[in-house]
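Okay, structure first, notes after.
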Amino acid sequence: MSGTAGGQAVLLPDPGAWRPRLADGTRAVAGLRDARAGVSVVLLIIMVAGLLLRDPRALTSVGVDLLLQSALPVVLVAMGQQFIILAGDFDIGIGYAVGLANVVAATLLVSNVGLGILALAGIVAAYVAMAVIIEVTEVPGIVITLGGSFVWLGLGLLMQPAPGGAVPGWLAGALGAFLPGIPEPVYLTVGLAVAGFLILRRSAWGAGLRGFGGSRKAFVRTGRSPLAARAALYALAGLCVVGAGLMTTVVFASSDVNGSQTLTLASVAAVIIGGGQFIGGVVDPIGTVLAAVALSVVPVLLGGFNVNTNYQPAVEGVILILVMTLRWAAQRRGAAQ
Amino acid sequence: MSAVPGAGGARASRPPWPADLPVARAWPWAAAVILWLIACAVSGGFSFQLLFASLTLAVFLALAGLGQMVVLASGDGSFDLSLPYTITLAGYISAGAISAPAPERILVAVAVGMAVGAANGVLTSVLKFPGIIASLAIGYVLFTLILFVEANPATSVSGGLYRFIRLQADGASAVLVIEVAIALVVAALLARTVYGRFLHAMGQSRRAAALAGVPVRRMIVTNFVVCGVLAGCVGVLLTAYDGGAFANMGDTYLLGSVAAVVVGGTPVGGGKTSVAGTLAGALIMTLLVTMLELTNASPGAQDLSEGLAVIAVVAGAGLAARVRRRQKGAAR
């Protein structure tokens, strides 16, 4: 394949087009038929099958409700990481950022709503600040987000040295404002997936952002501001972090800044398994959500089969390695044709 | 720059980095001295003791930083995110997690580091994983391995090694000697061998290097193996120094090693390495952390300060490097 960097296709940006042109001249298939999301669908099916094996009630309304409730924080974190990966970076501190949002939601938001909202907005602003620092100093994003992880952890510990806190009543109630019958988390999960898809795949703005991720030089040549693009992506990620923190507070009715640590690996794994590529500004918003749900089932499955949940990171790591290996094999076969 | 591999077979006598480096090389050391003076002010007294203590502690970070530097120099922005777990695992192994005599345990620990590096390297070069993702996944697998190994007692450090490591004479310590020795070996490797020349060529232009015959895939694996071996050494030395391994002993080395490399002036795009710079960077990071501990602040405040300080220092170093690049570009 011509124009590949290290064997992966480099997407050339085509800001007006719905379907980006690959470097070998063909157009990528976009949308739901995109083969990229296929792996995450298969993974989800495998996970659900495992669940059903253990407990046939898993697919009832209550079962799905419970499942998606605990999946929502993972989904939101994965979406946040997705925007960062789109910007060409990797947020290694996202787990602690969610932990901080969790702490803010369970402490400030309960005692002083105005201050709580301000603090949450501050987290989004801090993400934008990281984007600015990365653009201006040309330091790799991972170093800044690594430093950021200490900032989140420190702030979280300062606000709440030990786990505790409570759910703001109005927040838990807000999630009940949907139609009866279908559990609320379904709406949220589907809604997030669709929103991500609409933003990234069906809007000119999103296409521009993906172009920024694909080739910075070409993006700059179109006259747009890379700083604005990176800041926008990081702001979106910050919003997802805040959302994940809020969901965690509702699901656990408490907060612990260290509690969301494992989300970092899950978020990266979900983006990659869902069809994203680290290099080149390629992410599949729907695949990311599906993969995030699938990954959130892992601890449930482990518990159900009486496996030590300490294995969770290793299982996620192995799944990630397997999926990427499959993708590599498929690319080799594709290139050989 | 003279680092073109295979060009006429002549050994280049100029080092593969630009000649204006003396100024760039000096400032990390100046920053370290300034930090030390600030630390003295905070602790209430001028103290060489503080400097030497920090120098000794910085050794471990410096070795980890050298490992990251080698991985980074290959030019595709890879870091080794499994480094902290390699350190911890090697530490546990050398401290008795496996039943074998002490010298063998140390060898196994370093060999484990090599294996981790090989795994990272294969995933990155053959399977085309981005280096960060490969090492992240491997890191989490190691994390689980450590949970197993933690169950065994891990405090049997070889008596001889323990005493040797803690030898001190007039402020200089055995640890420092070991560090200088390893640093010299790494520096020689980078400046005087074909490996070093290949590495710098790869970092400057991966494509040109491949066309010129550099074995890129083997180089990537070798880089990660070097990093893994260094991480294993850190685990062994740290355990010997502390008298035992403990959970999460490697955790602070991720941020520290990465920051040490960036602060020390190694460009993240690869192509240049600076052993001295990384050593200075490690000293700066250690002094920073020491200063924070001297203030007796709560863990939360210390974490927050460390994060902000690292971002500030790294951002400053990045800005300075960017200004230098613009100047060099304008001067042409």
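The values are calculated or read from the model by the stated rules, or taken from the named source; none is laboratory data. Just so it is clear, the structure is predicted and the values come from calculations on it, not from any experiment. Neighbour counts run over all protein chains shown; Cβ positions are idealised from the backbone, glycine included.
The figures follow:
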item	result
Subset of the stretch A:253-266 that is away from chain B (no Cβ under 13 Å) and either without any contact (Cβ under 8 Å) to a residue 24 or more places away in the chain or polar (S, T, N, Q) (or both) - its residue that is surrounded by the fewest Cβ atoms within 10 Å (Cβ to Cβ)	A:SER254
Test set (1) away from chain B (no Cβ under 14 Å); (2) part of a helix (DSSP H, G or I); (3) surrounded by fewer than 20 Cβ atoms within 10 Å (Cβ to Cβ); (4) modelled with pLDDT of 75 or more - A:LEU192 fails condition number	(3)
Of residues in the stretch A:142-161 being over 19 Å from B:MET285 (Cα atoms) and not hydrophobic (A, V, I, L, M, F, W, C), the one farthest from the other protein chains (Cβ to nearest Cβ)	A:GLN160
Selection from the stretch A:102-137 of residues that are of a type in the set (S, T, N, Q), without any contact (Cβ under 8 Å) to a residue 24 or more places away in the chain and within 14 Å of chain B (Cβ to nearest Cβ)	A:THR137
Yes/no for B:VAL275 being aliphatic (A, V, I, L, M) and farther than 24 Å from A:VAL151 by Cβ	yes
Test: residue in the stretch B:204-216 that is within 19 Å of the chain's Cα centre (by Cα) and within 12 Å of chain A (Cβ to nearest Cβ)	no
In the stretch A:248-275, the residues that are in a helix (DSSP H, G or I) and within 14 Å of the chain's Cα centre (by Cα)	A:LEU263, A:THR264, A:LEU265, A:ALA266, A:SER267, A:VAL268, A:ALA269, A:ALA270, A:VAL271, A:ILE272, A:ILE273
Tally of residues being under 14 Å from the mean Cα position of the chain (by Cα) and modelled with pLDDT of 90 or more across the stretch B:221-253	14
Residue match in the stretch B:138-149 (condition: modelled with pLDDT under 90 and among the small types (Gly, Ala, Ser))	no
Residue list for the stretch B:294-310, restricted to those being more than 10 Å from every other protein chain (Cβ to nearest Cβ) and either closer than 18 Å to A:PRO161 by Cα or over 25 Å from the mean Cα position of the chain (by Cα) (or both)	B:THR295, B:ASN296
Test: residue in the stretch B:311-329 that is out of contact with any helix residue (DSSP H, G or I) (no Cβ under 9 Å at 6 or more places or on another chain), away from chain A (no Cβ under 12 Å) and of a type outside the set (S, T, N, Q)	yes
Residue match in the stretch B:168-185 (condition: under 25 Å from B:GLN49 (Cβ atoms), at pLDDT below 85 and in a loop (DSSP other than H, G, I, E, B))	yes
Residue, nearest to B:ALA315 (Cα to Cα), within the stretch B:235-257, restricted to residues that are touching a Gly at 6+ places or on another chain (Cβ under 8 Å) and of a type in the set (A, V, I, L, M)	B:LEU255
Any helices (runs of 4 or more DSSP H) falling wholly within the stretch B:42-134 and containing at least 2 residues that are under 30 Å from B:ALA210 (Cα atoms) and within 14 Å of chain A (Cβ to nearest Cβ)	B:48-72, B:102-125
Condition check for B:SER274: among the small types (Gly, Ala, Ser) and within 26 Å of B:ILE178 (Cβ to Cβ)	yes
Which numbered condition B:TYR241 fails, given (1) part of a helix (DSSP H, G or I); (2) under 15 Å from B:THR86 (Cα atoms); (3) more than 14 Å from every other protein chain (Cβ to nearest Cβ)	(2)
Meets criteria (under 16 Å from the mean Cα position of the chain (by Cα), within 14 Å of another protein chain (Cβ to nearest Cβ) and either within 22 Å of A:LEU188 (Cα to Cα) or not polar (S, T, N, Q) (or both)) for A:GLY80	no
Answer from A:ALA292, A:ALA269 - the residue that is within 14 Å of another protein chain (Cβ to nearest Cβ), modelled with pLDDT of 80 or more, within 20 Å of A:ILE46 (Cβ to Cβ) and buried (at least 22 other Cβ atoms within 10 Å of the Cβ)	A:ALA269
Unique residue being modelled with pLDDT under 85 and within 16 Å of B:LEU145 (Cβ to Cβ) when the list is B:ALA102, B:ALA97	B:ALA97
Filter result (within 9 Å of chain B (Cβ to nearest Cβ) and without any contact (Cβ under 8 Å) to a residue 40 or more places away in the chain) within the stretch A:306-328	A:ASN308, A:ASN310, A:TYR311, A:ALA314, A:VAL315, A:VAL318, A:ILE321, A:THR325
Some residue of the stretch B:274-292 being modelled with pLDDT under 80 and assigned to a helix (DSSP H, G or I)	no
